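Novice: Mind looking over this structure? Questions follow.
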Amino acid sequence: QVQLVESGGGLVQAGGSLRPSCAASGRIFSINGMRWYRQAPGKQRELVAAITSSSSTNYADSVKGRFTISRDNAKNTVYLQMHSLKPEDTAVYYCNANIDYSGRYYYTNYWGQGTQVSVSS
């Protein structure tokens, strides 16, 4: 059973920083792309940042220059370093990853349970 577990959310004042992480556990042979999404109340879930297995990255325009996605392949973990946080960054942040649990290079998409990030003005 493969699981993604996020941690590191919380409440911070505008201008502050947080670094949520997401660890994959279970029977894992390899992890392809890893992503962070977020969903604010009353809004659709949106892609925030993505990182490939070779660590190429891309970001939503709204977070470019403030957020950095990274991964530690030895720990099967992805991070999202967030700086200069704004109230509009308040959302539940979800981890998403494509994971091969069979060793056959067949990747299944998994989601974490989410971690709350709240930014006060």
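The values are calculated or read from the model by the stated rules, or taken from the named source; none is laboratory data. Please read these numbers as outputs of a predicted model, since none were measured by experiment. Every residue, glycine among them, receives a Cβ derived from its backbone with ideal geometry; neighbour counts consider all protein chains shown. Each accessible area value is taken on the protein alone, full model and side chains, heavy atoms only, with ligands, DNA and RNA left out. Shrake-Rupley method; radii C 1.70, N 1.55, O 1.52, S 1.80 Å.
Novice: Restricting to region 1-23, count the residues that are closer than 13 Å to Thr108 by Cα and either touching a residue at least 40 places away in the same chain (Cβ under 8 Å) or acidic (Asp, Glu) (or both).
Specialist: 3
Novice: Just the residues that are surrounded by 14 or more Cβ atoms within 10 Å (Cβ to Cβ) and either β-branched (Val, Ile, Thr) or assigned to a strand (DSSP E or B) (or both), please, taken from region 99-110.
Specialist: Ile99, Asp100, Tyr110
Novice: Which number in (1) out of contact with any Lys or Arg (no Cβ under 9 Å at 6 or more places or on another chain); (2) over 24 Å from Val2 (Cβ atoms) marks the one condition that Lys86 misses?
Specialist: Failed condition: (1).
Novice: On the given criteria, is Val63 at pLDDT 95 or above and more than 15 Å from Ser7 (Cα to Cα)? Write out each step before concluding.
Specialist: Working: at pLDDT 95 or above: yes; more than 15 Å from Ser7 (Cα to Cα): yes.
In short, yes.
A quick yes/no check of all residues on (1) among the aromatic types (Phe, Trp, Tyr); (2) within 12 Å of the chain's Cα centre (by Cα); (3) under 24 Å from Gly26 (Cβ atoms):
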| site | (1), (2), (3) |
| --- | --- |
| Gly42 | no, no, no |
| Ser54 | no, no, yes |
| Ser62 | no, no, no |
| Arg66 | no, no, no |
| Asn73 | no, no, yes |
| Tyr79 | yes, yes, yes |
| His83 | no, no, no |
| Cys95 | no, yes, yes |
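Novice: If only one of Asn58, Asn32 is open to solvent by 80 Å² or more (accessible area, probe 1.4 Å), more than 25 Å from Ser118 (Cβ to Cβ) and in a strand (DSSP E or B), which one is it?
Specialist: Asn58
Novice: Residue by residue through region 14-29, note down the ones that are within 14 Å of the chain's Cα centre (by Cα) and open to solvent by 60 Å² or more (accessible area, probe 1.4 Å).
Specialist: The answer is Arg19, and nothing else.
Novice: Still on this structure, please answer the following. I'd like to know if region 26-40 contains one or more residues that are of a type in the set (Val, Ile, Thr) and within 21 Å of Gly10 (Cα to Cα).
Specialist: Scanning region 26-40, I find no residue that is of a type in the set (Val, Ile, Thr) and within 21 Å of Gly10 (Cα to Cα), so the answer is no.
Novice: Looking at region 61-98 only, could you name the residues that are basic (Lys, Arg) and open to solvent by 60 Å² or more (accessible area, probe 1.4 Å)? Give the steps one after another, and end with the answer.
Specialist: Step one: of region 61-98, the residues basic (Lys, Arg) are 64, 66, 71, 75, 86.
Correct list: Lys64, Lys75, Lys86.
Novice: I want to confirm something. Restricting to region 35-48 and keeping residues that are part of a loop (DSSP other than H, G, I, E, B) and open to solvent by 60 Å² or more (accessible area, probe 1.4 Å), which single residue is nearest to Val63 (Cα to Cα)?
Specialist: Once the filter is applied, the top-ranked residue is Arg45.
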